[in-house]
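Worksheet: the structure to be examined is printed underneath.
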Amino acid sequence: MTQQNADNNSLLLKGVRLYGEGDAVDVRIDAGVITEIGPGLAAEDATVVDRSGQVALPGFVDMHTHLREPGREDTETIESGSRAAASGGYTAVFAMANTQPVADNQTITDSVYRIGRDVGLCDVHPVGAVTVGLEGAQLAEMGQMAAGEGKVKIFSDDGKCVHEPMIMRRALEYSASLGVLIAQHAEEPRLTVGAVAHEGPNAARLGLAGWPRAAEESIVARDALLARDAGARVHICHASTAGTVELLKWAKAQGVDITAEVTPHHLILDDSKLDTYDGVFRVNPPLRESSDAEALRRALKDGVVDCVATDHAPHASQEKCCEFAQARPGMLGLETALPIVAQLFVESGECDWRWVSRVMSERPAQIAGLADQGRPLEVGEPANIAVIDDKREWTVTPDGLQSLSENTPYAGMTFQAAVSTTILRGKVTHQRENEGEQNR
Ligand SMILES: NC(=O)N[C@@H](CC(=O)O)C(=O)O
Ligand SMILES: [Zn+2]
Ligand SMILES: [Zn+2]
């Protein structure tokens with residue numbers, strides 16, 4: 001991009017099908033805003049990005065990302081995580097609070113926000129902790145974090161469950177008055193002592209301590225009731241069981257203001273993967289049975305589960321390449337989410353790209369309260385765009401990803417769809433290798 005083009009910041013995205021529908025059009029972007037859509041637009045002074053025949057969607061929003069800064073910059077930084085996000089088509093991510101130190105105060109949440117802004121590859125929204133030090137005992141200063149420069153909109157002790165019912169109740173009451181969202185990692189800790197895998201035939205056969213579905217479901221049910229009584233919203237992180245789906249259905253039917261996300265790995269993988277004892281498959285909540293994955297896919301399709309969130313959880317190789325029960329739970333997700341969703345839902349003919357934009361962009365932006373993300377691809381709207389090449393077969397290699405860590409469970413898997421280009425307010429934040437050079 002020439003200096004002149006960088007300065008006047010005009011871009012012409014050529015030949016894309018908006019939401020994969022209708023004829024190909026060109027999209028003109030000036031100063032970060034979509035200013036014209038139509039066939040055969042003149043380049044004039046704009047930088048041309050030719051993506052003929054590809055699919056344009058609103059940039060994705062991830063409500064659940066772990067960026068590891070501060071504290072574990074050897075596994076991911078705000079910069080490397082932003083690069084991974086952009087490479088996955090994301091234009092906004094929520095960075096979880098379980099850093100070291102914990103993001104339980106405004107100094108840290110503001111600093112995460114500022115670093116993300118200065119990196120400029122993706123909007124990084126800090127998540128604030130619900131309780132001091134994620135210890136579940138004393139509420140953090142949620143009001144201060146919400147009022148700070150980072151304008152914290154989501155609070156979560158993710159990694160841990162806010163398990164004390166009175167603490168969760170107060171957090172929900174407080175969140176309702178602040179207009180923020182509590183996102184719960186639903187895990188009754190008294191049911192998961194020592195647990196490393198889904199409690200079922202596979203864990204029994206492999207001799208792994210089991211994590212029962214009820215550990216998740218009992219908290220989902222409890223929190224739905226607490227949210228109802230507090231007149232608060234509650235969001236369920238990484239829903240993983242068929243029973244959680246039934247509870248969400250019930251709670252929504254009662255008018256409870258409850259939303260939920262599902263991860264790509266709980267949609268596509270199951271606990272048959274554990275046969276090799278490879279620590280890369282250890283994750284919280286654990287990979288469940290194929291019947292759970294199927295129920296989650298249907299729930300996402302039907303809207304019972306609202307959106308996809310990655311739970312991108314980078315870990316160092318020495319923390320993963322060890323005995324299964326010793327491996328840290330968590331797997332990479334940002335750079336493989338779209339290809340997985342495309343394979344499961346679009347390539348199978350179950351859903352269209354319009355639906356993908358709903359579960360990966362519009363719904364998460366609405367739930368999180370982002371006014372400038374998840375917007376329609378229309379004139380006058382912010383130019384946050386993910387361009388998908390739906391005919392580009394590629395194979396996942398851990399060292400081919402942008403993340404600093406390599407703990408992807410999809411190594412060697414082949415996908416048909418790839419994010420070719422990501423645009424954040426008119427700036428190209430990602431361009432896949434071998435993609436046509438930009439020219440004037
Ligand atoms: N998902 C995981 O297994 N791990 C997450 C924490 C979490 O999301 O619970 C992590 O921070 O590594
Ligand atoms: Zn969690
Ligand atoms: Zn998480």
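Bear in mind that the values in this text are calculations on the coordinates, not laboratory data. Because the structure is a prediction, the values reported are computed rather than measured. Neighbour counts are summed over all protein chains in view; Cβ atoms, including those assigned to glycine, are modelled from backbone coordinates with ideal geometry.
Brief remarks on what is shown
- Count of segment 282-304 residues which are in contact with a helix residue (DSSP H, G or I) (Cβ under 9 Å, 6 or more places away or on another chain) and within 16 Å of ligand 3 (Cβ to nearest atom): 5
- Residue check, Glu164 within 24 Å of Arg114 (Cα to Cα), more than 16 Å from ligand 1 (Cβ to nearest atom), without any contact (Cβ under 8 Å) to a residue 60 or more places away in the chain and out of contact with any strand residue (DSSP E or B) (no Cβ under 6 Å at 6 or more places or on another chain): no
- Residues in segment 265-280 that are in contact (Cβ under 8 Å) with a residue 40 or more places away in the chain and either more than 23 Å from Lys320 (Cα to Cα) or assigned to a loop (DSSP other than H, G, I, E, B) (or both): 3 in all.
- Condition met for Arg72 (surrounded by 24 or more Cβ atoms within 10 Å (Cβ to Cβ) and either within 16 Å of ligand 3 (Cβ to nearest atom) or more than 22 Å from Gly120 (Cβ to Cβ) (or both)): no
- The lone exception for Thr241 - which of (1) more than 16 Å from ligand 1 (Cβ to nearest atom); (2) farther than 29 Å from Gln100 by Cβ; (3) under 23 Å from the mean Cα position of the chain (by Cα) it fails: (1)
- Of all residues in segment 298-318, those being farther than 18 Å from Glu76 by Cα and either more than 16 Å from ligand 2 (Cβ to nearest atom) or of a type in the set (Phe, Trp, Tyr) (or both) number 8.
- Qualifying positions in segment 299-329 - touching a residue at least 24 places away in the same chain (Cβ under 8 Å), assigned to a helix (DSSP H, G or I) and either under 25 Å from Phe60 (Cα atoms) or among the β-branched types (Val, Ile, Thr) (or both): Ala299, Leu300, Lys301
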